[in-house]
Amino acid sequence: MGFTIHGGFMRLRHLAMALSNLPPHPQRDASLEQYATEGDFAARWIAEVVEQGDLEKETRVVDLGAGNGILGIGCLLAGADSVLLVEQDPQCVHEYEGVEWLIGDVKGWSGTDVDLVIMNPPWGVQIAMADRPFLEAAFSSEAHVIYLLHSAKASHIENLAKSFDWGGEVVLSGSFRLPAKYEHHSSHQGMTEVAVWRFKRN
Ligand code: SAH
């Protein structure tokens, strides 16, 4: 299985392997709600972005709450023009050719020079509303399209998007493995249901 990008063919398995081999997210700071995306799911997500026609040679990508950068780097490998990784935890940062890091709070991001925002931010489960600064940053940015992974249980997302004049739909869903320290929040065996949203301006 694979997908085509800029006239070339990329195997999903190769993308998943490259992303699985990134330095792992340290996931050591519970207050930052660090639920890392696994390589296989990230690769499926990136393939969906390509299939939607949202990733072109000139696409400038910003990954908010990037962790080890798995989503932004996935976009880079699939042919994005530039990738900025915004992450507060300096322990997540590593050298990766072709990406830039903005180390600090998402509130410090300008929201400019961006076509596509991709993010799996904190969900606001540990700390109420921890997802809000991310949603607000994305919806008030210059981006044309936003991809967001959130808990499938979250019910506030569509209305919040609407209040910024964005509309969205779920384009991918799956199960997510939570780090052991969050397991008491999940229904069974540390798995929880997630949804990937795609938003466009109304
Ligand atoms: N996107 C990555 C990481 C998800 S976990 C992945 O999918 O694997 C959410 C990330 O957001 C963590 O790395 C956490 O450190 C970061 N984060 C939490 N609050 C933040 C804030 N206010 N500003 C910037 N990054 C933040």
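Solvent-accessible surface of region 45-157, taken per residue with a 1.4 Å probe and all protein chains present: 39 Å².
Only protein heavy atoms count here; on that basis, with a 1.4 Å probe, Ile127 has an accessible area of about 80 Å². Exposure check, 1.4 Å probe, all protein chains in place: Lys200 carries approximately 80 Å² of accessible surface.
With contacts taken as Cα pairs under 8 Å at a separation of at least 6 residues, the chain carries a relative contact order of 17 percent.
Take the Cα radius of gyration of the chain and divide it by 2.2 N^0.38 Å, N being the number of residues; the result is 0.94.
Across region 56-112 the C-alpha pair distances fall into 5 Å bins from zero in the proportions 5, 22, 34, 22, 13, 3, 0 percent. Report the one residue of Thr112, Gly69, Pro122 whose Cα lies farthest in the direction of the positive end of the charge dipole of the chain (charges on C-beta: Lys and Arg +1, Asp and Glu -1; origin at the Cα centre). Of the options given, the answer is Pro122.
Applying the Karplus parametrisation 6.51 cos²θ - 1.76 cosθ + 1.60 with θ = phi - 60° to the phi angles of region 172-178, what ³J(HN,Hα) value in whole Hz is obtained for each residue in order, glycine and proline being reported as x? Using θ = phi - 60°, the values come out as 7, 9, x, 10, 10, 8, 8 Hz. For the chain, the fraction of 1.4 Å probe accessible surface lying on carbon and sulfur atoms is 48 percent.
Computed 3J(HN,Hα) for region 126-138, one whole-Hz value per residue from the Karplus formula 6.51 cos²θ - 1.76 cosθ + 1.60 where θ = phi - 60°, is 6, 10, 3, 6, 4, 7, 4, x, 6, 5, 5, 4, 5, glycine and proline marked x.
Across all C-alpha atoms in region 83-202, the radius of gyration and Dmax reach 14.9, 42 Å.
The values are calculated or read from the model by the stated rules, or taken from the named source; none is laboratory data. Predicted model only: the values in this text are computed from it and were never measured. Methodologically, a virtual Cβ is constructed for each residue, glycine included, from the backbone with ideal geometry; neighbour enumeration extends over all protein chains shown. All accessible areas refer to the heavy atoms of the entire protein, side chains included, with ligands and DNA or RNA removed. Shrake-Rupley method; radii C 1.70, N 1.55, O 1.52, S 1.80 Å.
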